[in-house]
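S.K.: My structure is below; once you've seen it, I'll send some questions.
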Amino acid sequence: MHEKLTSRERVNRAMEHKDQDRVPRYESFWGETITRWQGEGLVGGADAVLDLLGADIAGLCWNWPAPFPGTSQIVSEDAETQIVRDAFGATARFWKGRSGTPEHVGFECATPEIWYDKYKPALIGSKIQVDVEAAVRAYDDARAKGLWNCLVGVETFEATRKLLGDEVSLMAMCEDPEWIVDVSRAHTDTVLRNFEAVMATGIQPDGVWIYGDMAYNHATMCSPKTYRELILPDHKRLTKWAHDRGMKFIYHTDGDINGVLDIYVEAGFDAIQPLEAKAHMDVRKIAPTHGHKLTLFGNIDVMVMGTNNLEKIEEEMRTKFAAAMATKGYIYHSDHSVPPMVSWATYQQVIEFVERFGQYE
């Protein structure tokens with residue numbers, strides 16, 4: 001295809017496995033990465049990098065409704081960390097001044113009784129938590145730039161773990177599945193209610209991008225059977241809501257999801273992201289089996305990027321682009337947020353590789 005497409009056209013055509021001019025592009029970064037790059041010559045922040053990349057996607061809002069919005073408080077702190085109790089009743093230890101996975105300290109919503117008596121009424125009775133006016137402004141800006149834009153939020157598996165904690169939620173999937181189903185339904189109801197408030201303004205986004213890490217580096221956190229019985233119904237509700245309104249659906253999860261790709265197709269996901277390479281996800285293997293059923297979004301290994309070895313990075317990108325582009329359903333992204341071990345000089349070369357390898361004839 002020699003005709004130059006808009007970002008909206010390009011992403012939609014990738015979702016539909018139709019001819020495109022080039023691979024659509026997007027990226028995410030750790031905050032420390034941008035700080036490093038600014039010391040190495042980057043002028044501006046993450047938005048400036050996305051402009052240089054030629055990113056095609058814009059998010060409009062963040063929809064993760066909490067039972068007690070605005071109630072975050074510092075419980076204790078020392079020179080290096082803070083322990084914070086958040087609006088979900090979860091307590092965690094965070095590093096000061098740098099990103100990283102927090103240490104989970106405790107979760108108040110640890111029994112069905114607490115859920116039904118306190119947390120469920122608070123969640124379903126909460127006010128709209130999405131900044132609707134900001135979403136409309138972001139939409140207008142994205143439309144003016146021709147970008148493919150989407151509502152962004154969090155699905156039920158992630159929300160359940162946030163409310164109950166990993167140990168309680170995973171045990172409850174086996175011992176008290178009705179509780180998990182109730183949490184899932186209440187969260188999904190609340191997410192859709194918040195999205196509806198944005199849609200009520202009359203805007204028409206191109207898609208919905210939902211986050212929910214349901215896997216680790218060897219498998220999904222629950223069995224495919226448990227996922228199908230407890231979580232899949234609400235995933236189908238989310239995709240149906242999007243599709244009924246003419247929107248595509250992107251699902252984000254880290255980890256090894258090879259064992260549930262067929263269920264993702266059944267769920268109605270249009271695209272999966274970021275396809276974590278260090279968790280055994282590889283578009284060179286996935287594209288021949290699922291690349292015509294799902295748009296593959298990501299998978300460029302940040303650990304390879306972090307070597308700053310351009311020969312290794314070139315091989316990683318060349319081979320993965322070729323495999324995924326054969327389906328006409330590929331969107332560029334790293335397999336996670338780009339970490340600060342990647343130099344600015346290296347990432348500028350990554351952008352050049354995206355341009356070189358991402359062109360369709």
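S.K.: Please check which bits of segment 70-100 a label hung off Ala134 would reach, taking the label as a point 7 Å along Cα-to-C-beta and the cut-off as backbone N under 17 Å.
M.R.: 70-72, 87
S.K.: Over 20 Å between Cα atoms, which of Lys18/Lys236; Lys248/Lys328; Lys162/Lys248; Lys236/Lys293 qualify?
M.R.: As for pairs spanning more than 20 Å Cα to Cα, those are Lys18/Lys236; Lys162/Lys248.
S.K.: Shifting gears a bit: I need the shape label for segment 58-191. Rule: rounded when a/c is under 1.5, else prolate if a/b > b/c, else oblate, with a, b, c from the alpha carbon gyration tensor.
M.R.: In terms of gyration-tensor shape, oblate.
S.K.: Rounded to the nearest Å, what's the spacing between the alpha carbon centres of segment 209-283 and segment 14-43? Just the number, please.
M.R.: Taking the Cα centre of segment 14-43 as reference, the centre of segment 209-283 is 23 Å away.
S.K.: From the C-alpha coordinates alone, can you work out the Kirkwood hydrodynamic radius of the chain, in Å?
M.R.: 21.3
S.K.: First compute the accessible area of segment 1-128 with a 1.4 Å probe, then give the percent of it belonging to carbon and sulfur atoms.
M.R.: Answer for segment 1-128: carbon and sulfur cover 52 percent of the accessible area.
S.K.: May I ask you to give the solvent-accessible area per residue for segment 1-101, in square angstrom, as obtained with a 1.4 angstrom probe?
M.R.: Spelled out: the 1.4 Å probe surface of segment 1-101, per residue, equals 51 Å².
S.K.: With the Cα gyration tensor of segment 234-297 giving a ≥ b ≥ c as the square roots of its eigenvalues, does the rule (a/c under 1.5 for rounded; else a/b larger than b/c for prolate; else oblate) give rounded, prolate or oblate?
M.R.: prolate
S.K.: Relative to a virtual label point 7 Å from the Cα of Arg143 in the Cα→beta-carbon direction, which members of segment 185-221 show backbone nitrogen distances below 18 Å?
M.R.: From segment 185-221, the list is 196-208.
S.K.: Can you give the extra length, in nm with one decimal, that the chain gains between Met303 and Gln359 once fully stretched, where that is 0.36 nm per residue apart less the Cα-Cα distance?
M.R.: 17.7 nm
S.K.: At 7 Å along Cα-to-Cβ for each site, give me the label-to-label distance between Asp19 and Asp282 in nm.
M.R.: 3.3
S.K.: Amide H of Ser223 versus every other amide H placed in the peptide plane: which residues, excluding those fewer than 5 positions away on the same chain, fall under 5 Å?
M.R.: Correct list: empty.
S.K.: Run the quick spin-label model on Arg185 and Glu266: label points 7 Å from Cα toward the beta carbon, then report their separation in nm to one decimal.
M.R.: Taking the simple label geometry, Arg185 and Glu266 are separated by 2.0 nm.
The values are calculated or read from the model by the stated rules, or taken from the named source; none is laboratory data. Bear in mind that the values here come from a model prediction, so they are computed numbers and not experimental data. Note: ideal-geometry Cβ built from the backbone for every residue, glycine included; neighbour counts use all protein chains shown. Areas reflect the complete protein model, heavy atoms only, side chains present, ligands, DNA and RNA absent. Shrake-Rupley method; radii C 1.70, N 1.55, O 1.52, S 1.80 Å.
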